[in-house]
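Here the structure is laid out as structure tokens; the discussion comes afterwards.
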Amino acid sequence: MNPQFLLWLTGAMAVFIGGATASRAYIANNNILILIFALSLYCVGNLMMVRLMREGGLGLAISASAIAQLVVVNIIAFIVFGERLSLPQLAGVGLGMVAMALMLFPAERGT
């Protein structure tokens, strides 16, 4: 996988995770400014995704983004908010990580 794609994916994930964390904070304190901040982060993240879609294609960009968010959001939910997943849910996250690893292997180009 192209290192530039992975760098943009990492940046977009950081922005989306910031948005998700801000959304969770809004739920806790109901401050409209936090909601506006969260929505702004989601907008920036989606604009970053446009570049990823150009480089890697729609399927790879959206799938990689979704799985990366799945893993990182669950880590934040566990560490920051004390949320816990059941064993089947943890298995689902693990399968997502396997899927991500398989998607990031270099694709063979057809002739």
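The values are calculated or read from the model by the stated rules, or taken from the named source; none is laboratory data. Remember, it's a predicted structure, so these values are computed and weren't measured experimentally. Positions of Cβ are generated from backbone atoms using ideal geometry, with glycine treated the same way; all protein chains shown enter the neighbour counts. These area figures cover heavy atoms from the full protein model, side chains too; ligands, DNA and RNA do not enter into them. Shrake-Rupley method; radii C 1.70, N 1.55, O 1.52, S 1.80 Å.
At a glance:
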{"item": "Dimensions (Å) - region 19-78, Cα atoms, principal axes, largest first", "result": "38, 24, 10"}
{"item": "Accessible area in square angstrom per residue, the chain, 1.4 angstrom probe", "result": "65"}
{"item": "Trypsin sites (Lys or Arg not before Pro) within region 1-88, DSSP loop, no more than 12 other Cβ atoms inside 10 Å", "result": "ARG84"}
{"item": "Gaussian network model of the chain, springs between alpha carbon atoms under 10 Å - residue of GLY92, GLY45, GLY56 with greatest fluctuation", "result": "GLY92"}
{"item": "Most mobile listed residue (ASN46, ASN30, ASN74) in the chain, GNM with C-alpha springs under 10 Å", "result": "ASN30"}
{"item": "Apportionment of accessible area to carbon and sulfur, the chain, percent (1.4 Å)", "result": "71"}
{"item": "Cα-based Kirkwood hydrodynamic radius, the chain, one decimal, Å", "result": "15.2"}
{"item": "Cα-based helix-to-principal-axis angle, 58-79 vs the chain, degrees rounded to 10", "result": "40"}
